[in-house]
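Here it is, the structure in full.
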Amino acid sequence: MGSFYDDVKKYRKEILFGLAAVLLFVLIKYVVVYILPFILAGIFVFLIRKPIEFIHKKTKIGKGFLAGMILLFIILILGAVIWYCSGWGIAKLKLLIINISLYEEQLFQMVHNCCDAVENNLGISSLTVENLILERVDIFIDDLKIDVVPKMLDQTMMYGKWIFNGVMFLIVTLIAVVLLAKDYQWMVQKAKKVILLNECIGMLRKLICLVGAYIRAQIEIILAVSLICFLGFALSGYKFPYIWGIVTGLLDVLPFVGTGITLLPLAVLQLLMGNGINAMILVVTFIVSALARELLEPKLIGAKMGVIPIAILISVYVGAKVFGFAGVIWGPLYMLILYEIYKKLYQVSQ
């Protein structure tokens, strides 16, 4: 009996760390989804607490009202952007459906030109390649007409449910922000008297700073990669190279996708069409953008967060496997929180 308790005491830190890891996993996997509005509200209030305090002292306007107005303003701006983008997307979808026959003819003409270029450059029969491609294209277009588009248009109930849940989420978050901002100082003072809560608040502050540093680093990398891709598309003669550059830069953030998902297929297409120089430019753009990320990540993420990039990559991959698409966010957060717990338990220097 004594030996068991001696072992528990000996490995107390390891046991606590293991329990923390399991508890954190359970919270993220099964609990966070129910309290996410309140978590986001707390983070938002923490981020704007100093401006709110300053405005409150100058104007005597209630802190809750000020925080609610700031969040409402942000929601309205984001809502206007989403509404505009949705309207633009729906208009383009309607235009696609109306002119699908015209686009089909243009696609067939492009395939024909590509196949002719293949025959001229590689000596492969253009008729064989063209028939093979057009057969697949016909199947895809038929599926688009018969299956995909009608199903998208018929999912009105599902879209309505998503909109309702989104509106409820925003309303609850807005109310939580107003209430938390109103009593923020009082809650912090009370929490300081409880050692565990005080430790949690300190850890949360560090976590927010780490997440902020990670986001800033990713934005800087996205801007650099987007600029490189913009130059590549501009030199290749693409219309609207800034749009191509921004989209490719954003895709570079997604794990295991990168700029290659856009640049390499377009390079192959340019090569098949006989535009060898443009294909080479796109390949060079891909290589330069990949090198830029490899050089910038260790400097920006490692320096600002104190975490090696490979740890972030592993956490993103494992998070996506365990938590689904949201794991791209939850994976790094889980790793960062666990790392903070590890430093607290083992007194690791910051």
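None of the figures in this text is laboratory data; all of them are computed from the coordinates on show. The structure displayed is predicted, hence computed values, not measured ones. Here the Cβ is made from the backbone with ideal geometry for all residues, glycine too, and neighbour counts use every protein chain on show.
Quick check for you: which residues of the stretch 26-62 have the amide N under 11 Å from the point 7 Å beyond the Cα of residue 338 toward its beta carbon?
26
Right, here's the next one. Name all residues of the stretch 24-38 having a backbone nitrogen under 19 Å from the label point set 7 Å from the Cα of residue 168 along its Cα→Cβ direction, giving them as ranges.
So the set is 30-38.
Got a sec to turn the phi values of the stretch 48-63 into Karplus ³J(HN,Hα) couplings, 6.51 cos²θ - 1.76 cosθ + 1.60 with θ = phi - 60°, whole Hz, x for Gly and Pro?
9, 4, 5, x, 5, 5, 5, 5, 4, 5, 7, 10, 6, 6, x, 5
Using θ = phi - 60° and the Karplus curve 6.51 cos²θ - 1.76 cosθ + 1.60, what whole-Hz ³J(HN,Hα) does each residue of the stretch 233-241 get, with Gly and Pro shown as x?
My calculation for the stretch 233-241 gives 5, 5, 5, 7, x, 6, 6, 6, x Hz in order.
Using 0.36 nm per residue, how much length does the chain from residue 91 to residue 69 gain when fully extended, once their Cα-Cα distance is taken away? The partial results should precede the final answer.
Details: separation 22, 0.36 × 22 = 7.92 nm, distance 3.24 nm.
Stretched fully, the residue 91-residue 69 segment lengthens by 4.7 nm.
Pop a pseudo-label 7 angstrom from the Cα along the beta-carbon direction at both residue 239 and residue 23 and give the gap in nm to one decimal.
Between residue 239 and residue 23, the label points sit 5.9 nm apart.
At a 10 Å Cβ-Cβ cut-off, how would you order 285, 173, 59, fewest neighbours first?
So the ranking, lowest neighbour count to highest, is 59, 173, 285.
Moving on. Count neighbours as other Cβ atoms within 10 Å of each site's Cβ, and list the trypsin sites (Lys or Arg not before Pro) in the stretch 169-270 that are DSSP loop with at most 13 such neighbours.
Answer in residue order: 193, 239.
If R0 is 45 Å, what FRET efficiency do you get for residue 277 and residue 98 from their C-beta distance, rounded to 0.05?
The value I calculate is 0.80.
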